[in-house]
Structures are given as structure tokens and as C-alpha cells.
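Working notes for the structure below.
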Amino acid sequence: MKIILIGIQGAGKSTQGNILSKKLGIPYLSTGHIFRDIAKEKTPIGRYIKEVMVSGALIPDGKTLEIVSEYLKRPEYSKGYVMDGFPRTTKQAEAFEHGIDKVIYLKVSDREALWRLSYRKDEREDETLHALRKRIELFHELTAPVIEYYRKKHILVEINGEKEIEEISKDILKALKQTSSHE
Ligand code: AMP
């Protein structure tokens, strides 16, 4: 099963993605993690990606698609995956033809997301208030249309991300079961 998780930063995508990955027995991957790894490299591409990430901006679509497609060629992803952080723009979604089964939109308000992030312990270099605000702004501008793109394809599941962690994962699993039994 190929699942995509969409939500603002702080919505709980990585928490829920990891739970879902264990429950369904498919790997979890996140473009944020992939890019953070590349940003550690002391190469021109590493330095470039680091600079973009620290500013809170998005990596250009072409580069993102190239890196994601390369990653998904690995045999561990052949049976499915839970993907967090991609696609983030309509262009990425349109270009990504990998037979996605379900797209889970974890919905939380900007206020709740900023509140959660301000309490996050594992501080990251690319998590300054400026970068966080920029990511939230870009989410509304560029990623909200991706949600509508998948809604029109009837594979979108909208989940209230402001409940307790266990309740949210139950809701996700329930929604996945319900929708797959209709097909
Ligand atoms: P995240 O951990 O998902 O918040 O991602 C951190 C940063 O990685 C983002 O602010 C972007 O700079 C970059 N990034 C992650 N996923 C994407 C994507 N799908 N498209 C473009 N940039 C991305």
C-alpha cells in the first residue's frame, strides 16, 4: 500500500507515519529526512540544500522529483511505503505517477502547530521561528492545492490531528479500512 501523509509542520506526520509503518509493515520515509541527510554533505548540492532548508523555502520541484524518484527505486519500497513531506506542490503531485492508494491529510490549525513546535525538544537548525512561519505560509499557498488535487481523485482521507496520538492512529486505520473495502 502506498500512502502519503500531508499536513502542516507540527501536525504529527512523522509520529503517525511511524506508527502506521509498524502497523502496516511498510517502510516510512520522509523527504525532510532525505534532504537533511544531503544537507550534511560537504558538497555543492549539500550546501545548496542546507541553505534552502534553513530559509524555510522549498527545494525546487525538479530536484525534489529527481531525488524522490531515485529513492523509490530501492527494493525496500517496492511493496509500498508511508511517505511524509511529499508531494508539496501541485507540480510534484502531477509529475508523481506512482499509483498512490491513499492520501491522509492530518489537519491541525496553524496555532496548534506553532504551539507544539515551540515545545519540541529535538531542536533542529532549520526550525527557527522565521523558517517555521515560512513553511506554514508555503503550506497554505502551495500544498493546500495538492490536498484538493487528491480530493478530486477520491483518494483523500481527512483526519482531525488535534486529538490524542492513539486516537488519531485509530482514526487513520479505521479510515483506511473503510475506504479500501469500498473499492
Ligand atoms: P520537513 O521536515 O518535511 O518540514 O522538510 C524540511 C525542509 O525540507 C522543507 O522546508 C524544504 O526545504 C525541504 N523539503 C521537504 N520536502 C520537500 C518537498 N516535497 N519539496 C520541496 N522541498 C521539500
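List of remarks:
- Some residue of the range 73-90 being without any contact (Cβ under 8 Å) to a residue 60 or more places away in the chain, more than 10 Å from the ligand (Cβ to nearest atom) and closer than 20 Å to Ile8 by Cβ: yes
- Identity of the residue in the range 47-63, more than 9 Å from the ligand (Cβ to nearest atom) and in contact with an Asp or Glu (Cβ under 9 Å, 6 or more places away or on another chain), that ends up nearest to Gln9 (Cα to Cα): Lys50
- Within the range 155-164, the residues that satisfy the criterion of being surrounded by 12 or more Cβ atoms within 10 Å (Cβ to Cβ) and in contact (Cβ under 8 Å) with a residue 24 or more places away in the chain are Ile155, Leu156, Val157, Glu158, Ile159, Gly161, Glu162.
- Summed over the range 81-97, the residues that are within 20 Å of Ile26 (Cα to Cα), at pLDDT 95 or above and surrounded by fewer than 18 Cβ atoms within 10 Å (Cβ to Cβ) give a count of 0.
- Test: residue in the range 137-154 that is crowded, with 18+ Cβ neighbours inside 10 Å, in a strand (DSSP E or B) and of a type in the set (Ser, Thr, Tyr): no
- Residues of the range 155-173 that are of a type in the set (Val, Ile, Thr) and not in a helix (DSSP H, G or I): Ile155, Val157, Ile159.
- Given (1) exposed (fewer than 14 other Cβ atoms within 10 Å of the Cβ); (2) over 20 Å from Gln16 (Cβ atoms), index of the condition Thr128 fails: (1)
- Residues satisfying the stated conditions in the range 51-67, i.e. more than 17 Å from the chain's Cα centre (by Cα) and touching a residue at least 12 places away in the same chain (Cβ under 8 Å): Val54, Ser55
- Which listed residue, of Ile59, Ile19, Ile26, is within 17 Å of Tyr105 (Cβ to Cβ) and modelled with pLDDT of 95 or more: Ile19
- Of the residues in the range 31-43, none is more than 8 Å from the ligand (Cβ to nearest atom), under 27 Å from Arg111 (Cα atoms) and loosely packed, with under 13 Cβ neighbours inside 10 Å.
- Inter-residue pairs, beta-carbon under 9 Å, first in contact (Cβ under 8 Å) with a residue 60 or more places away in the chain and within 22 Å of Met1 (Cα to Cα) and in the range 91-118, second surrounded by fewer than 16 Cβ atoms within 10 Å (Cβ to Cβ) and of a type in the set (Lys, Arg), 6+ apart: Ile100/Lys153; Val103/Arg151; Val103/Lys153; Tyr105/Arg151
- Leading residue by the ranking (farthest from Leu72 (Cα to Cα)) among those in the range 2-19 that are crowded, with 21+ Cβ neighbours inside 10 Å and more than 13 Å from the ligand (Cβ to nearest atom): Gln16
- Counted residues, the range 91-120 - those being away from the ligand (no atom under 15 Å from the Cβ), aromatic (Phe, Trp, Tyr) and outside any loop (DSSP other than H, G, I, E, B): 1
The values are calculated or read from the model by the stated rules, or taken from the named source; none is laboratory data. These figures come from a predicted structure and were not determined experimentally. Neighbour counts are summed over all protein chains in view; Cβ atoms, including those assigned to glycine, are modelled from backbone coordinates with ideal geometry.
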